[in-house]
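Here the structure comes first, spelled out in structure tokens, and everything after it is commentary.
Coordinate-derived values only; no laboratory data. As the structure is a prediction and not an experimental result, all values here were calculated from the model. Cβ atoms come from the backbone with ideal geometry, glycine included; neighbour counts cover every protein chain shown.
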Amino acid sequence: MRRLSVVITNYNYGRFVGTAVESALGLRWDDVEVVVVDDGSTDDSAEVLQRYADRVHLHFTANGGQREAANHGFAASSGDVVVFLDADDVLPPELPERLAAVWSPTISKAQFRMQRIDPAGVPFGRPFPEWRRVPTPAQVRRWTQRTSAQPTPPGSGNAYARWFLERIFPLDASLGRAADSGCLAAAPLHGDVVTLPDVVVGYRQHGANDSDLLADDTRFAREVLTARARWRFAQRSVGIREDEIDERPLYRSRELLQLRVAGARLTPGQALLPDDGRLRLLLDASVSPVHPGPESLQTRLLIAAWCLAVLAAPQPLVRPLLLRRWRRP
């Protein structure tokens, strides 16, 4: 690893983006490039970012969403390893040293754990993902190919090889406005995904996060549709024709199964995957423990039992069951 590029995309996170930039500038490495793309913010972000104009590459664009901002930032970067840092997250200073110690030409992505921090930067809860055992690249690839899923952190918890990103960028509109989903889905299909469990990135949790599934009833359906789009994007990225994409792995994902079940109960009558319905969900829940993945048998059985309970529960009990599953720490 020679140059590390940190690409920060920001929209109206003026209260946090300065801390994100400071964490990138504080990385212990001789060659760190920091690219900041402000996606048409209307708060004080521009004023905050101008303080760093002599130390980072600043780009101000019209609002086009995080995906377009990431496309712009990647095109403006030059590092052979790239981290897309959310404007409200924080990188640990030792990150480049840990990456350099394991990096090889076959790596498409390195992933780390994340520690939730509150708006003031105070940690709470336990780091995630909570890998029972550190997964090998071969396991990550197998899980992805069989179930479309792997235990990955979100955006800031990943570092990508430039050669891999050049295969999939610019990210196309099929992925919506999000920047990380296509990268996460495609990485195991192109190279090795290595896991560094001792590296912990700060993941800021606050009222403006877009990751709270319980914020409104449509978010479960949105997540399922997003998962399907990123799977199809990943398959196209390795040369599979649109009409030849195998979607069976989507039905084997335990994480996606839970989202499908929740969406089916909250927005009934909407088929989130082709031929989805109550009978299909009951069947998929019943056989879900046999599919490969990082979870213990006990966890697989608990997931299957929860899915079956939600499918069978009277409507007044559905929301309490969802709260037990997705209540924020």
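Below are the figures for this structure:
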| item | result |
| --- | --- |
| Computed FRET value (nearest 0.05) for W131 with D54, which takes r as the C-beta separation and R₀ as 51 Å | 0.80 |
| Net charge of neighbours whose Cβ lies under 13 Å from the Cβ of I245, counting Lys and Arg as +1 and Asp and Glu as -1 | +1 |
| Local electrostatic count, R67, Cβ distance below 11 Å [Lys/Arg +1, Asp/Glu -1] | -3 |
| DSSP bridge orientation in the chain - percent antiparallel, rounded to nearest 5 | 20 |
| Residue among L4, V224, T106 farthest towards the positive dipole end of the chain, charges placed on Cβ | V224 |
| Ranking of W231, W163, W103 by count of other Cβ atoms within 10 Å, fewest first | W163, W103, W231 |
| Net charge dipole size for the chain [Lys, Arg +1 and Asp, Glu -1 on Cβ; Debye, nearest 20] | 1460 |
| Cβ-based charge dipole, segment 4-204, positive-most Cα from V32, G191, P123 | G191 |
| Highest to lowest packing among 147-157, 242-252, 3-13, scored as the average C-beta count within 10 Å | 3-13, 147-157, 242-252 |
| Simple spin-label estimate for L297 and L317 in nanometres, 7 Å along Cα-Cβ | 2.8 |
| Segment 67-94-segment 165-242 distance, computed between alpha-carbon centres (Å) | 15 |
| Neighbour-count ranking [beta-carbon atoms within 10 angstrom, fewest first] of M114, M1 | M1, M114 |
| Global form of segment 232-309, assessed from the alpha-carbon gyration tensor, a/c cut-off 1.5 | oblate |
| Which of Q235, P320, Q258, positive extreme of dipole for segment 213-326 (C-beta unit charges) | P320 |
